[in-house]
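Trainee: Next up is a structure, given as structure tokens.
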Amino acid sequence: MTAAGYSVLGVTAVFVATLAVGAYGWRFSRTTSDFFVASRTVRPGLNASAIGGEYLSAASFLGVAGLVLAFGTEMLWYPVGWTAGYLVLLVLVAAPLRRSGAYTLPDFAESRLESRGVRRLSALLVVAIGWLYLMPQFQGAGLALASTTGTGAWLGGVLVATVVLVNVLFGGMRSITFVQAFQYWLKLTALLFPLLFMATIWLGDGGVSPASVDIGDAGAPGDSWVSPLAGSSHELYTTYSIIIATFLGTMGLPHVVVRFYTNPDGAAARRTTLFVLALLGLFYLLPPVYGGLGRLYAPDLIASGRTESVVLELPARMLAGTPGDLLSALTTAGAFAAFLSTSSGLTIAVAGVISQDVMGRRFGGVRAFQAGAVVAVLVPLGLALLTEGVGVAQAVGLAFAFAASTFCPLLVLGIWWRRLTDVGAIAGMLVGGGCAGGAVLGTLLGAAPAGWPGALLAQPAAWTVPLAFLTMVVVSLATPRRVPRHAARTMVRLHTPEAVQLDRGTPAAGNPSR
């Protein structure tokens, strides 16, 4: 069998296993709560694995190794930031957000600020971020399948969209939880197992340090997954801006936040976050090693602009013949697990918002969720098939900066500051989101000037996030009569442990929008 044949076999196995695991969850999915939040019964260990499965997208599985290959260890700020974002989420958001009883971010916004306007704007932002994230997942799947098997660039995206849609339609959040937990461990195995063989070969070759290799003559780096720190004339600013975006953007990503609604209570949400930190830390030990070995065994990928393919190609380069082809097929399968798991989480998040805010009155319950899932998948799939590749990391960078400039201020101030008003929240999200989105889109379109203005536009989080916070605070202080009438009662519910609420005879928080 050829190398392409093994890759096809590996990808097929991932699709079949994903459907099989999803089918296991179908029989448990009956109610609306099952489809939206798995009836809030997911325990911390399982939920942490599921979060790790959906959070570790292709940008993590392929992009981190490509960045280290092209630019060295300074690129490790990306995985550090992506992981540390959960520490901020643990300290500031996890437990209160679960106690809110919400199904979606718009649910929380409306409950906290008692405003339909805030809900509508939040729903629009969730759908925008979700589609922005989904489109390059489908494009990346098509390109990955085409590069390893020679198929058309459209096929991989269609297959991923089909498998995701089947599982979401029949099983909702409960089914996807099992799927994403399985895919985390598959991705970890897909990186770890080949790495054991490659490390043995590297040691047999003398254990040369990748840092000692000069790749200056290998050609200009061409990584399409994440915008590098290198290339900026203001690297210190760029570094801090990336740190702010990755640290604070995590809590605003809709497919991340929605998973915390599935925990039984606030304490379980905190334990889940601790487990997630451990799982992400374990995973992120592996991709940089691929990047380092790539500097020794595959430096030509830099000149060709295919640095992100180092994870897929390195095993076959270091192990000749069938063993190398099998290990490369395993890493290809892991890459498709990344596309599937992230796409599943995004579909759930977007479908929940569309079903509640667009289709709820027409369909109701499970039918509304299923109709929302179809729209959530088909729109970005159509855009992915009709447009040129955006690059996963360009979309990831925009999504993190956008989320950090919109939902992060809303969540932090909404949870910890009683005087936040609906007008202040809307103004802050419009200013932060408008500035962040405009800055990054201008950069992607090549409109960014040189020098400081270009650096500020290319990595806007360092100024758009403080601007969004400041706008929310100033406008809220200027509109004190708009403070929600039941703000004090809502704050008590957010910050009082469930056990204390029950001891006092107060019912645990349910879905505030119901």
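The values are calculated or read from the model by the stated rules, or taken from the named source; none is laboratory data. What you see is a predicted model, and the numbers here were worked out from it, not measured in a lab. Please note: Cβ atoms are built from the backbone with ideal geometry, for glycine as well, and neighbour counts cover all protein chains shown. For accessibility, only protein heavy atoms count, side chains too; no ligands or nucleic acids. Shrake-Rupley method; radii C 1.70, N 1.55, O 1.52, S 1.80 Å.
Trainee: Between 0 and 90 degrees, rounded to the nearest ten: what's the tilt of helix 422-444 against the longest Cα principal axis of the chain?
Mentor: Compared with the principal axis, the helix lies near 20 degrees.
Trainee: Right, another one. Grab the beta carbon distance between Ala320 and Val358, set R0 = 45 Å, and tell me the FRET efficiency rounded to 0.05.
Mentor: That gives a FRET efficiency of 0.25.
Trainee: I need the Kirkwood Rh of the chain: take the reciprocal of the average 1/r across all distinct C-alpha pairs and report it in angstrom. Could you put the intermediate results ahead of the total?
Mentor: On the way: mean 1/r = 0.0434 Å⁻¹.
Taking the inverse mean of 1/r over all distinct Cα pairs, the chain comes out at 23.0 Å.
Trainee: Taking the chain as the reference, fit the longest principal axis to its C-alpha atoms, fit the long axis of helix 155-204 to the helix C-alpha atoms, and give the angle between the two in degrees, 0 to 90, nearest 10.
Mentor: Compared with the principal axis, the helix lies near 40 degrees.
Trainee: Let me ask something else. Leaving ligands, DNA and RNA out of it, rank Trp131, Trp154, Trp452 by accessible area with a 1.4 Å probe, largest first.
Mentor: Largest accessible area first, the residues go Trp154, Trp452, Trp131.
Trainee: Just from its helices, what would the mean residue ellipticity at 222 nm be for the chain, if runs of 4 or more DSSP H residues each count -39500 (n - 2.57) and the sum is divided by every residue, rounded to the nearest 500 deg cm²/dmol?
Mentor: For the chain, the value works out to -24000 deg cm²/dmol.
Trainee: So for each of 45-54, 338-347 I average, over its residues, the number of other beta carbons within 10 Å; can you give me the resulting order with the highest mean first?
Mentor: Ranked by mean Cβ neighbours within 10 Å, highest first: 338-347, 45-54.
Trainee: Stretch Leu430-Ala23 to full length: gain in nm at 0.36 nm per residue minus the Cα-Cα span? Intermediate values should be presented prior to the final figure.
Mentor: Details: separation 407, 0.36 × 407 = 146.52 nm, distance 4.10 nm.
So the extension gain works out to 142.4 nm.
Trainee: How much length, in nm to one decimal, is gained on full extension between Asp300 and Leu192, taken as 0.36 nm per residue of separation minus their Cα-Cα distance?
Mentor: 36.5 nm
Trainee: Rank-order 118-130, 252-264 by packing density, defined as the average count of other C-beta atoms within 10 Å over each peptide's residues, highest first.
Mentor: Ranked from most to least packed, the peptides come out as 252-264, 118-130.
Trainee: Subtract the Cα-Cα distance of Val166 and Ala13 from 0.36 nm times their separation in residues, and report this length gain in nm to one decimal.
Mentor: Between Val166 and Ala13, full extension yields an extra 53.4 nm.
Trainee: Then there's this: Take each of the peptides 170-182, 188-200, 286-298, average the number of other beta-carbon atoms within 10 Å over its residues, and list them starting from the highest. List each step's numbers first, then the result.
Mentor: Numbers: 170-182: 27.0, 188-200: 17.8, 286-298: 22.2.
Result, highest mean Cβ count within 10 Å first: 170-182, 286-298, 188-200.
Trainee: I'd like the FRET efficiency for Leu124 and Val208, computed as 1/(1 + (r/R0)^6) with the beta carbon distance as r and R0 of 56 Å, rounded to 0.05.
Mentor: E(calc), rounded to 0.05, equals 0.60.
Trainee: How much FRET efficiency would the formula 1/(1 + (r/R0)^6) give for Met1 and Leu477, where r is the Cβ-Cβ distance and R0 is 56 Å, rounded to 0.05?
Mentor: 0.25
Trainee: A follow-up question, please. So what does Trp416 come to for accessible area, using a 1.4 Å probe and Å² rounded to 10?
Mentor: 130 Å²
Trainee: Can you tell me, using C-alpha contacts under 8 Å and at least 6 residues apart, the relative contact order of the chain as a whole percent? Don't skip to the answer; put the middle values down first.
Mentor: Details: 962 pairs, mean separation 152.2, N = 514.
30 percent.
Trainee: Right, another one. Taking the alpha-carbon set of the range 230-372, what are its Rg and Dmax in Å?
Mentor: Just the Cα atoms of the range 230-372 yield Rg and Dmax of 20.6, 60 Å.
Trainee: Once both labels are modelled 7 Å past Cα along the beta-carbon direction, what's the Tyr240-Ala267 spacing in nm?
Mentor: 4.1 nm
Trainee: Mark the label point 7 Å from the Cα of Arg418 along Cα→Cβ and return the residues of the range 103-122 whose backbone N is within less than 20 Å of it.
Mentor: Within reach of a label on Arg418: 109-115.
Trainee: Cα axis of helix 116-149 to longest principal axis of the chain: angle in degrees, 0 to 90, nearest 10?
Mentor: Tilt of helix 116-149: around 10 degrees.
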